[in-house]
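*Asks:* There's a structure below that I have some questions on.
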Amino acid sequence: MKIALIGYGKMGKMIEQIALERGHEIVSIIDIDNQQDFDSEAFASADVAIEFTSPTAAYGNYLKAFSKGVKVVSGSTGWMKDHGDEVRRMCTEGGQTLFWASNFSIGVAIFSAVNRYLARIMNGFPQYTVSMEETHHIHKLDAPSGTAITLAEDLISCLDSKKAWVKGTLVAPDGTVSGTTECAPDEIAISSVRRDEVPGIHSISYDSEADCITITHDAHSRKGFALGAVLAAEYTATHQGLLTTSDLFKF
């Protein structure tokens, strides 16, 4: 399979390594300093482009790739609020293909399934109060993380008592704390911590007077995210439309 990379930071380099190990060819690498390569024959020859950039750049990158007939796998977060409806339309009516996930880790896919299963159980025990916290490296721009938002939306779909998520506290890299965990009874507050070079930790807790139940996913490195992105590209090469990890992982 011919793969183009959009974004060549730590994730892009790790994706390149894993893609080559799995026998794929990297035909184009686009970063901030060579945006003109979107118009190259090499980029247009790609079966799939894997995009890991920033919330502000992602949507524009999708449009450039789609204009060349290239399918996209993307892990960029923070763009959906402003452009989600348009991207859905392009993929459902316009013939484009985007595989988007807030997190490509196989472990997170399993964790998400456990989260939904546990939430359905806890729906019958209203004495427990649910809360969430995510921790990431100091370079992450958005808070809460896209993965945390996806997990919260799954909780909302399973818990009758919850209707929305809100931002909780944010612990900045310098230790400064802003925000609050106070929220309406039908809301879930997502607290965020930014420290060191943490790849990603997500915890969901159910607390009561009697006890506390907590599930946690703690990423040891970015390798799991990179492998998942390449697996998604392999899937996307033979599928069309708006795709997600629920299409790739059948559980």
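The values are calculated or read from the model by the stated rules, or taken from the named source; none is laboratory data. What you are looking at is a predicted structure, and each value in this text was computed from that prediction instead of being measured. Every residue, glycine among them, receives a Cβ derived from its backbone with ideal geometry; neighbour counts consider all protein chains shown. Please note that ligands, DNA and RNA were not included when accessible areas were found on the heavy atoms of the full protein model with its side chains. Shrake-Rupley method; radii C 1.70, N 1.55, O 1.52, S 1.80 Å.
*Asks:* Among the residues of segment 159-182, count how many are surrounded by 16 or more Cβ atoms within 10 Å (Cβ to Cβ) and basic (Lys, Arg).
*Replies:* The qualifying residues number 2.
*Asks:* How about segment 206-221: which of its residues are in a loop (DSSP other than H, G, I, E, B), open to solvent by 70 Å² or more (accessible area, probe 1.4 Å) and closer than 24 Å to Ser105 by Cα?
*Replies:* Matches in segment 206-221: His220 only.
*Asks:* Determine which single condition Thr53 fails, assuming it passes every other condition in (1) of a type in the set (S, T, N, Q); (2) closer than 25 Å to Gly224 by Cβ; (3) open to solvent by less than 40 Å² (accessible area, probe 1.4 Å).
*Replies:* (3)
*Asks:* If a residue must be under 22 Å from Val114 (Cβ atoms), of a type outside the set (A, V, I, L, M, F, W, C) and either touching a helix residue (DSSP H, G or I) at 6+ places or on another chain (Cβ under 8 Å) or buried (at least 16 other Cβ atoms within 10 Å of the Cβ) (or both), how many such residues does segment 236-251 contain?
*Replies:* 2
*Asks:* Same structure again: Restricting to segment 61-84, count the residues that are open to solvent by 30 Å² or more (accessible area, probe 1.4 Å) and out of contact with any helix residue (DSSP H, G or I) (no Cβ under 6 Å at 6 or more places or on another chain). Lay out the reasoning, then the answer.
*Replies:* Taking segment 61-84 first, the residues open to solvent by 30 Å² or more (accessible area, probe 1.4 Å) are 63-64, 67-69, 71, 78, 80-83.
Remaining after also requiring out of contact with any helix residue (DSSP H, G or I) (no Cβ under 6 Å at 6 or more places or on another chain): 63, 67, 69, 78, 80-82.
Qualifying residue count, segment 61-84: 7.
*Asks:* If you don't mind, another one. Output the residues belonging to segment 23-41 that are exposed (fewer than 14 other Cβ atoms within 10 Å of the Cβ) and not acidic (Asp, Glu). Walk me through how you get there before you give the answer.
*Replies:* In the first step, residues of segment 23-41 are kept if they are exposed (fewer than 14 other Cβ atoms within 10 Å of the Cβ); the result is 23, 25, 32-34, 36, 39, 41.
Those that are exposed (fewer than 14 other Cβ atoms within 10 Å of the Cβ) and not acidic (Asp, Glu): Gly23, Ile32, Asn34, Gln36.
*Asks:* Being open to solvent by 30 Å² or more (accessible area, probe 1.4 Å), in a helix (DSSP H, G or I) and either without any contact (Cβ under 8 Å) to a residue 24 or more places away in the chain or over 18 Å from Ile215 (Cβ atoms) (or both) is true for just one of Ile138, Ile121, Ile156, Ile149. Which residue is that? So that I can check it myself, show each step before the final result.
*Replies:* Numbers: Ile138 fails: in a helix (DSSP H, G or I); Ile156 fails: either without any contact (Cβ under 8 Å) to a residue 24 or more places away in the chain or over 18 Å from Ile215 (Cβ atoms) (or both); Ile149 fails: either without any contact (Cβ under 8 Å) to a residue 24 or more places away in the chain or over 18 Å from Ile215 (Cβ atoms) (or both).
From the options Ile138, Ile121, Ile156, Ile149, the qualifying one is Ile121.
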